[in-house]
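Below is one structure, written out as structure tokens; the observations come after it.
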Amino acid sequence: MKLPVLLAVALLLAAATVAAAPNFEGRKKCGSCHRSQLESWERTAHAKAMDSLAPKAKAEAKRKAKLDPNKDYRQDADCVGCHSTGFRHEGGFDPTAPSKYLTGVGCENCPGPGSEYRLSHRKAGQAFEKKQQTAPRQQLAEAGQEFQFEERCAACHLNYEGSPWKGAKKPYTPFTPKLDKKYGFDYAKAVRNDKAMHEHFKLENVFTGPPVPPFREEFQSKAKPAVKGKEE
């Protein structure tokens, strides 16, 4: 095989690999089916995370952290990663062209970029609706969906100098428990806080089997009826 042909094949394979990589899609896609969860999330602190970086927002807290309360931190790469969805990842938040569906700490910050596993959700949901046919949850994991979120939360909430979290690295957050106790982070409490996450609503049990988040059964036992959305 001649060199130009080999090069062309290599480029095609590289392009296919890039195309196959999961990317962030934004909460509009998630909310098209999970409408109740999205509406509940819109009232949370995570939904308003980007607003806190605007000039004069949270001014006293910024002064305590030795930040300039008049500066617009919404363009600061050291800040936006923890106030947006998918920053520096394929399809994720871009401060130079911000998508409103990627501002704030949104749906995909927990289970990861949804371009692949969302399709699995859609197909399984259609099969369940037509034939009450369930699907193995393992196929979601194989499509890239994460079921353990603690490390993703720690990457922002515990990323300060002197943190007990082993993954802490620069740029550190200046908002530490030493500055104010309210910046302490307990994952077990945080994941159960509706004001930070969202309320929980009854799921149809389309998927069965492992992996199952350790708090799923607890949340579902107290969940509210959901308003059903439609896949776009």
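Some values worked out for this structure:
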item	result
For the chain, built as a Gaussian network whose Cα springs stay under 10 Å, the top-fluctuating residue of Leu53, Leu119, Leu102	Leu119
Region 106-194: GluC sites (Glu not before Pro) falling in loop per DSSP and having at most 13 other Cβ within 10 Å	Glu161
Choice from Asn205, Asn159, Asn23 showing the highest fluctuation, given a GNM over the chain with Cα pairs closer than 10 Å	Asn205
Footprinting exposure proxy for Leu67, Leu203, Leu158 (fewest neighbouring C-beta atoms within 10 Å first)	Leu203, Leu67, Leu158
In order through region 25-32: 3J(HN,Hα) via Karplus (6.51 cos²θ - 1.76 cosθ + 1.60), integer Hz, x for Gly, Pro	10, x, 5, 4, 5, 5, x, 5
Helix-only [θ]222 nm of the chain, DSSP H runs n ≥ 4, -39500 (n - 2.57) each, per residue, nearest 500	-9000 deg cm²/dmol
Percent RCO, i.e. relative contact order, over region 150-190, from Cα pairs under 8 Å lying at least 6 residues apart	33
Most positive-pole-ward Cα, Pro225, Ala143, Pro214, against dipole of region 123-232 from beta carbon charges	Pro225
For the chain, size of Cβ-based charge dipole, Lys and Arg +1, Asp and Glu -1, in debye	440
Distant-in-sequence amide H partners of Phe207 (H built 1.01 Å from N, under 5 Å)	Ala135
Violating pairs (Cα-Cα greater than 26 angstrom) within the set Lys58/Lys222; Lys131/Lys202; Lys64/Lys100	Lys58/Lys222; Lys64/Lys100
Residue among Lys62, Lys29, Lys189 with the largest mean-square fluctuation in a Gaussian network model of the chain, springs linking Cα atoms under 10 Å	Lys189
Region 150-190, Rg to Rh (Cα coordinates; Rh as Kirkwood inverse mean 1/r)	0.92
Per residue, the convex hull volume that the Cα atoms of the chain enclose (Å³)	179
Region 27-171: relative contact order as a whole-number percent, Cα under 8 Å and 6+ apart	17
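The numbers here are math on the coordinates, done by the rules we state, and not lab data. Given the structure is predicted, the values throughout are model-derived calculations rather than measurements. A quick note on method: Cβ atoms are made from the backbone with ideal geometry, for glycine too, and the neighbour counts reach across all protein chains shown.
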